[in-house]
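Engineer: Take a look at the following structure, please.
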Amino acid sequence: MFGRKGKASNYAYTAARVKAKKAHLLAEDDYSKMLMMTPQEISRYISEAGYTKEMTDLANRESGLDLLEHATYANMANVFSSILLASTGGLYDMVSAYLTKWDNWNLKVILRGKSYGLDAEGIREDLVPAGSLGAESLEKLVSLEADDDILAAFGRMTHINFPQDVLAAYKARSNLAEIEDYLDKRYYEHLLTVVRPTDRPSLMFRDYVMKEIDIKNFETILKLKLDGVRGEPVMKYVIPGGKQIDSKLASQLAAADTVEEAVSEVAQIGFYEDIKDALDPKAATIREVVSGMKKYEMHQAKKFSHLYPLSVIPVLDYMIHKENEVNNIRTVARGAESGLDRDVVKGLLVI
Amino acid sequence: MAEAEATGLIAIGAGLAVGLAGIGSGLGEKDAAAAAIGAITEDPSIFGKAMIFVVLPETIVIFGLVIAIMAFFVL
């Protein structure tokens with residue numbers, strides 16, 4: 001109930017706000033309409049569906065798909081920041097720990113952008129200032145040239161001390177995966193520490209996070225298996241703290257010779273029913289599996305969203321749905337731009 | 001002497017009726033008002049409806065007040 005600063009959580013106020021926001025999210029019908037539109041029409045459609053301010057603000061600098069992508073991310077960042085600003089006490093602690101993933105996302109975008117030689121404007125387009133780092137801090141990071149300076153500045157801003165072995169491995173191979181992997185592991189570790197199982201809603205939040213870890217781990221194992229990596233090297237990338245995929249099952253999955261073998265190992269866990277069609281060896285693509293797992297994640301969020309109205313649950317539920325909406329809009333727009341078949345695009349949407 | 005004692009007890013009972021009812025409705029209104037302010041922040045057009053829900057727990061105090069008046073004038 002109380003946060004570290006001794007302030008009480010304002011569940012009623014924040015939950016009412018997110019429920020009002022949730023009522024404005026796009027419905028299934030909206031996606032069906034958008035699937036029939038051109039990218040320009042999609043831009044106009046979302047301008048009238050809650051993205052007006054961001055679309056107008058960015059319209060003089062960008063156009064087309066760039067405008068749409070930048071505006072959707074900017075909108076999501078504004079919405080998440082407003083939720084964080086509205087929360088107090090223990091609720092603030094949990095929301096802020098959950099939103100840390102956007103700080104990590106932003107660091108990954110900046111480092112990847114720099115390594116591919118993107119200019120500052122190109123990097124800015126994919127930034128989502130929804131975490132603890134605001135636009136000013138991110139701008140400072142983007143302006144830095146050397147990776148070492150970026151990591152040091154990020155560490156100072158977010159109080160993260162990158163271990164020397166991670167930095168050494170990153171420098172030795174210029175492999176961003178080392179940093180990204182460390183950030184992901186630290187994020188989930190921190191989140192599970194902050195979301196203490198003191199009451200039923202917090203327990204459900206914790207449970208959701210642990211299932212998310214399972215999904216991420218399974219995705220990592222499958223991707224590495226497709227690249228021919230298996231056994232012990234895979235375990236290095238497995239995030240501890242999963243609910244159903246513990247270290248024993250993870251090492252069994254990692255040791256499996258093929259994707260099909262890994263799939264038969266995973267048949268006993270919760271999300272198997274949701275992804276078994278996608279895991280059909282004849283049709284399986286990693287994209288379909290990931291999409292199946294995302295649908296499972298959304299289904300889990302929907303299941304508990306209405307259970308505890310005065311808790312962190314409605315807030316978490318809204319953040320998951322908002323992020324999903326933005327991803328769906330971007331998928332539809334990219335699909336329309338690249339001329340993909342509507343059924344293929346529809347299959348990629350998580351509704 | 002006994003009459004004065006009885007009047008005093010009635011006064012204490014009336015005070016408790018209003019006071020406890022006030023505390024109860026205050027607790028109820030706390031969350032209702034916070035939620036209403038949150039909803040109005042997102043959509044100012046619902047001010048009227050939200051206000052009704054905020055003052056609904058207030059009716060409990062009226063029950064307490066009625067009991068207090070009855071204690072004074074009926075008993």
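The values are calculated or read from the model by the stated rules, or taken from the named source; none is laboratory data. Because the structure is a prediction, the values reported are computed rather than measured. So basically every Cβ, Gly included, is an ideal-geometry build from the backbone, and we count neighbours across all protein chains shown. Only protein heavy atoms, including side chains, enter the accessible area calculation; ligands, DNA and RNA are left aside. Shrake-Rupley method; radii C 1.70, N 1.55, O 1.52, S 1.80 Å.
Engineer: Scan the stretch A:186-197 and tell me whether some residue there is among the hydrophobic types (A, V, I, L, M, F, W, C), at pLDDT below 90 and within 30 Å of A:PHE154 (Cα to Cα). Talk me through it step by step, then tell me what you get.
Structural biologist: To start, the set of residues in the stretch A:186-197 that are among the hydrophobic types (A, V, I, L, M, F, W, C) comprises A:191-192, A:194-195.
Imposing the further condition that a residue be at pLDDT below 90 reduces the set to none.
Scanning the stretch A:186-197 turns up no residue that is among the hydrophobic types (A, V, I, L, M, F, W, C), at pLDDT below 90 and within 30 Å of A:PHE154 (Cα to Cα).
Engineer: Right, next: Taking the stretch B:13-36, which residues are away from chain A (no Cβ under 13 Å) and open to solvent by 90 Å² or more (accessible area, probe 1.4 Å)? Let's see the steps before the verdict.
Structural biologist: Filtering the stretch B:13-36 for residues away from chain A (no Cβ under 13 Å) gives B:13-26.
Within the stretch B:13-36, B:LEU16, B:LEU20, B:ILE23 meet the criteria.
Engineer: Residue by residue through the stretch A:302-320, note down the ones that are part of a helix (DSSP H, G or I), of a type outside the set (Asp, Glu), open to solvent by less than 10 Å² (accessible area, probe 1.4 Å) and away from chain B (no Cβ under 14 Å). Walk me through how you get there before you give the answer.
Structural biologist: From the stretch A:302-320, those part of a helix (DSSP H, G or I) are A:302-304, A:313-320; that's our starting set.
Retained after the next criterion (residues that are of a type outside the set (Asp, Glu)): A:302-304, A:313-316, A:318-320.
Subsequent filtering for residues that are open to solvent by less than 10 Å² (accessible area, probe 1.4 Å) retains A:313-316, A:318-319.
Across the stretch A:302-320, the qualifying residues are A:ILE313, A:LEU316, A:MET319.
Engineer: To continue, here is another question. Test each condition in (1) touching a Leu at 6+ places or on another chain (Cβ under 8 Å); (2) of a type outside the set (Asp, Glu); (3) at pLDDT below 95 for A:LEU99 and report the one that comes out false.
Structural biologist: If we test A:LEU99 against (1) touching a Leu at 6+ places or on another chain (Cβ under 8 Å); (2) of a type outside the set (Asp, Glu); (3) at pLDDT below 95, just (3) comes out false.
Engineer: For the stretch B:1-19, does any single residue satisfy the condition of being β-branched (Val, Ile, Thr) and within 24 Å of A:LEU310 (Cα to Cα)?
Structural biologist: Of all residues in the stretch B:1-19, those β-branched (Val, Ile, Thr) come to B:7, B:10, B:12, B:18.
Those still in the list that are within 24 Å of A:LEU310 (Cα to Cα) too: none.
The answer is no, given that none of the residues of the stretch B:1-19 is β-branched (Val, Ile, Thr) and within 24 Å of A:LEU310 (Cα to Cα).
Engineer: Hey, another quick one. Give B:LEU75, B:LEU56, B:LEU65 a once-over and let me know the one that is outside any helix (DSSP H, G or I), away from chain A (no Cβ under 14 Å) and touching a residue at least 12 places away in the same chain (Cβ under 8 Å).
Structural biologist: Numbers: B:LEU56 fails: outside any helix (DSSP H, G or I); B:LEU65 fails: outside any helix (DSSP H, G or I).
Of the residues listed, the single one that is outside any helix (DSSP H, G or I), away from chain A (no Cβ under 14 Å) and touching a residue at least 12 places away in the same chain (Cβ under 8 Å) is B:LEU75.
Engineer: Another question, if that's okay. Look through the stretch B:37-47, keep the residues that are at the interface with another protein chain (Cβ under 7 Å from one of its Cβ atoms) and aliphatic (A, V, I, L, M), and return whichever of them is least open to solvent (accessible area, probe 1.4 Å).
Structural biologist: Going residue by residue through the stretch B:37-47, those that are at the interface with another protein chain (Cβ under 7 Å from one of its Cβ atoms) are B:37-39, B:41-43.
Now restrict to residues that are aliphatic (A, V, I, L, M): B:37, B:39.
Working: B:ILE37: 101, B:ALA39: 22 Å².
Looking at the filtered set, the residue picked out is B:ALA39.
Engineer: Any chance you could count how many residues in the stretch A:163-203 are surrounded by 14 or more Cβ atoms within 10 Å (Cβ to Cβ) and hydroxyl-bearing (Ser, Thr, Tyr)?
Structural biologist: Matching residues across the stretch A:163-203 total 5.
Engineer: Only residues that are in contact with a helix residue (DSSP H, G or I) (Cβ under 9 Å, 6 or more places away or on another chain) and over 19 Å from A:ALA254 (Cβ atoms): list them for the stretch A:186-199, please. Please lay out each step first, then the result.
Structural biologist: To start, the set of residues in the stretch A:186-199 that are in contact with a helix residue (DSSP H, G or I) (Cβ under 9 Å, 6 or more places away or on another chain) comprises A:186-188, A:190-198.
Within the stretch A:186-199, A:ARG186, A:TYR187, A:HIS190, A:LEU191, A:LEU192, A:THR193, A:VAL194, A:VAL195, A:ARG196, A:PRO197, A:THR198 qualify.
Engineer: Scan the stretch A:83-138 for residues that are in contact (Cβ under 8 Å) with a residue 60 or more places away in the chain and within 14 Å of another protein chain (Cβ to nearest Cβ) and jot them down.
Structural biologist: Those that are in contact (Cβ under 8 Å) with a residue 60 or more places away in the chain and within 14 Å of another protein chain (Cβ to nearest Cβ): A:ILE83, A:ALA86, A:SER87, A:THR88, A:GLY89, A:LEU91.
Engineer: Next question, about the same structure. Taking the condition open to solvent by less than 80 Å² (accessible area, probe 1.4 Å) and either in a helix (DSSP H, G or I) or more than 30 Å from A:LYS22 (Cβ to Cβ) (or both), does B:ILE10 pass?
Structural biologist: Working: open to solvent by less than 80 Å² (accessible area, probe 1.4 Å): yes; either in a helix (DSSP H, G or I) or more than 30 Å from A:LYS22 (Cβ to Cβ) (or both): yes.
When the stated conditions are applied, B:ILE10 passes them.
Engineer: Do you know which residues across the stretch A:73-82 are within 14 Å of another protein chain (Cβ to nearest Cβ) and polar (S, T, N, Q)? Before you say what the answer is, go through the steps one by one.
Structural biologist: Within the stretch A:73-82, the first condition is being within 14 Å of another protein chain (Cβ to nearest Cβ), and the residues that meet it are A:78-79, A:82.
Residues satisfying the conditions are A:ASN78, A:SER82.
Engineer: Within the stretch A:331-345, can you find the residues that are open to solvent by 10 Å² or more (accessible area, probe 1.4 Å) and of a type outside the set (A, V, I, L, M, F, W, C)? Walk me through how you get there before you give the answer.
Structural biologist: Residues of the stretch A:331-345 open to solvent by 10 Å² or more (accessible area, probe 1.4 Å): A:331, A:334, A:336-344.
Within the stretch A:331-345, A:THR331, A:ARG334, A:GLU337, A:SER338, A:GLY339, A:ASP341, A:ARG342, A:ASP343 qualify.
Engineer: Checking A:LEU127 against (1) modelled with pLDDT of 90 or more; (2) open to solvent by 20 Å² or more (accessible area, probe 1.4 Å); (3) of a type in the set (A, V, I, L, M, F, W, C); (4) not in a helix (DSSP H, G or I): exactly one of these is not met. Which one?
Structural biologist: Single failed check for A:LEU127: (2).
Engineer: Do we have A:LYS108 as open to solvent by 20 Å² or more (accessible area, probe 1.4 Å), in contact with an Asp or Glu (Cβ under 6 Å, 6 or more places away or on another chain), of a type outside the set (S, T, N, Q) and under 22 Å from A:GLU180 (Cα atoms) here?
Structural biologist: On the way: open to solvent by 20 Å² or more (accessible area, probe 1.4 Å): yes; in contact with an Asp or Glu (Cβ under 6 Å, 6 or more places away or on another chain): yes; of a type outside the set (S, T, N, Q): yes; under 22 Å from A:GLU180 (Cα atoms): yes.
For A:LYS108, the condition - open to solvent by 20 Å² or more (accessible area, probe 1.4 Å), in contact with an Asp or Glu (Cβ under 6 Å, 6 or more places away or on another chain), of a type outside the set (S, T, N, Q) and under 22 Å from A:GLU180 (Cα atoms) - is met.
Engineer: Among the residues of the stretch A:135-157, which ones are open to solvent by 30 Å² or more (accessible area, probe 1.4 Å) and either outside any loop (DSSP other than H, G, I, E, B) or under 21 Å from A:SER81 (Cβ atoms) (or both)? Lay out the reasoning, then the answer.
Structural biologist: Just the residues of the stretch A:135-157 that are open to solvent by 30 Å² or more (accessible area, probe 1.4 Å), to begin with: A:135-137, A:139-140, A:143-149, A:152, A:156-157.
Of everything in the stretch A:135-157, those that are open to solvent by 30 Å² or more (accessible area, probe 1.4 Å) and either outside any loop (DSSP other than H, G, I, E, B) or under 21 Å from A:SER81 (Cβ atoms) (or both) turn out to be A:ALA135, A:GLU136, A:SER137, A:GLU139, A:LYS140, A:SER143, A:ASP147, A:ASP148, A:ASP149, A:ALA152, A:ARG156, A:MET157.
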